[in-house]
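First comes the structure, then the notes that go with it.
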Amino acid sequence: MLETEIRDLFQRQVASDLPVARVSIAEAHRAARRRLRLRRAAAAVSPLIAAVAVLAIAASGSALTGAGRAPAGPGGQPAAPRQFSSTRSYVRLTWLPGRSAVTQYRLSSASDGLDISSSIVWDFGAMAAGQCQLRHRTLSCPVIRGLPLRRVAGLVGGRPMYLSVLGINVRILSWEYAPGAWAQMAGTSGASAVRAALRIARGARFGPAVAAPARFPYRLVGVPAGWSLSGLSISPGYHDLIQTATFSAPASSRLSAPVITAAPAGTMASCKRLIASPAVGEYQVRYQTIRGYRVLLSFGPAGQGSPRQHSLCVPDADGTLLELQGGPNSSMVPVFEHLRLLGANPARWTTRPLG
């Protein structure tokens, strides 16, 4: 349970409201749907997890973020940007423990998060310059504030990596990877895991060109000015990629900005699994043919503190399964009509999902 709480807490620290990584296609669909509905419902399901995490922080008398001026980085070290790209990771890990892998990238303008599948269980987050502040050896970043930096676990790029312990066994490793820009790793394992985390951190590469840009099997065309991509989750999986993009639109936009999940083509049963769990009440569903594609439309359910969500799922949109999610009373049909589909061949996909 503690591992789940820490992962949830750290994901709030470093990323957008996007889904968890996959193990199989069916499980990924269920997990992605669950994360999206829980997070878009904003506190509908996990008050206990949040409470336990907060209690752990309170028990330690500390929290994780900061204020003030950070120390300068090593001489000649390039400065980090104040905003990251939402379509390209600013971080690449060159070493991981055996049989480990990055199972999910969570990208936003403020931070990049990487989930690592490993018995060691660490999550990796890098914040853009200015997101974290240091004052009197206390670090503050956007979600948790007041993390004391007392013990040095080792050096990364010539700068100290600090080990902080929250509650009983929550370890946070923090270091300045560039002047005024901080990275962190969070986990629950012991001393041997800290040594592995040091090696992971020393192998991390930061920069605007360390990773390839994400590619999208669609493009939103003809949308009003002011639309943007606010966050992206990429789950490489073992064979196939699952990707969820969160778009934002100005309040004046007639079209509702969607959350679009793209996965390998499936069947209508794949779409049904996406809306199957977990929720209060029953979904209303209907089938419709739009642009020659058979789609599944779902509505609701509306529950306590949970607005009625709308979604549209196309099991095979030229070789890609697409699910579009909208907010309350926001039909996704007009948005789907603005999608230019690019097929199943990644060579034809675009790095610019808007325009």
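The values are calculated or read from the model by the stated rules, or taken from the named source; none is laboratory data. Note that this is a predicted model, so its numbers are computed, not measured. All Cβ positions, even for glycine, are placed from backbone atoms using ideal geometry, and neighbour counts span all protein chains on display. Heavy atoms of the whole protein, side chains included, go into the accessibility calculation; ligands, DNA and RNA do not. Shrake-Rupley method; radii C 1.70, N 1.55, O 1.52, S 1.80 Å.
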Through the Karplus equation 6.51 cos²θ - 1.76 cosθ + 1.60, θ set to phi - 60°, convert the phi angles of the stretch 180-187 into ³J(HN,Hα) values in whole Hz; use x for Gly and Pro.
x, 10, 10, 10, 9, 10, 10, x
Give me the percent of the accessible area of the stretch 101-146 that comes from carbon and sulfur atoms, probe 1.4 Å, all protein chains in place.
50
Quick one: 3J(HN,Hα) in Hz for the stretch 89-95, Karplus 6.51/-1.76/1.60 with θ = phi - 60°, rounded, Gly and Pro as x.
5, 8, 10, 9, 9, 9, 9
Taking a probe of 1.4 Å, how large is the accessible area per residue of the stretch 200-255, in Å²?
46
Run through every distinct alpha carbon pair of the stretch 109-243 and return the Kirkwood hydrodynamic radius in angstroms, one decimal place.
16.8
Order 127, 268, most accessible first, counting only protein heavy atoms with a 1.4 angstrom probe.
268, 127
Among 135-145, 257-267, what's the highest-first ranking by average C-beta atoms within 10 angstrom per residue?
257-267, 135-145
Return the long-range amide H neighbours of residue 156 (sequence gap of 5 or more, or a different chain), with a cut-off of under 5 Å between placed amide H atoms.
161
Take the Cβ-Cβ distance between residue 291 and residue 354 as r, set R0 to 25 Å, and report the resulting FRET efficiency rounded to the nearest 0.05.
0.80
Please state, to two decimals, what the Cα-based radius of gyration of the stretch 115-182 comes to when divided by 2.2 N^0.38 Å (N = residues).
1.10
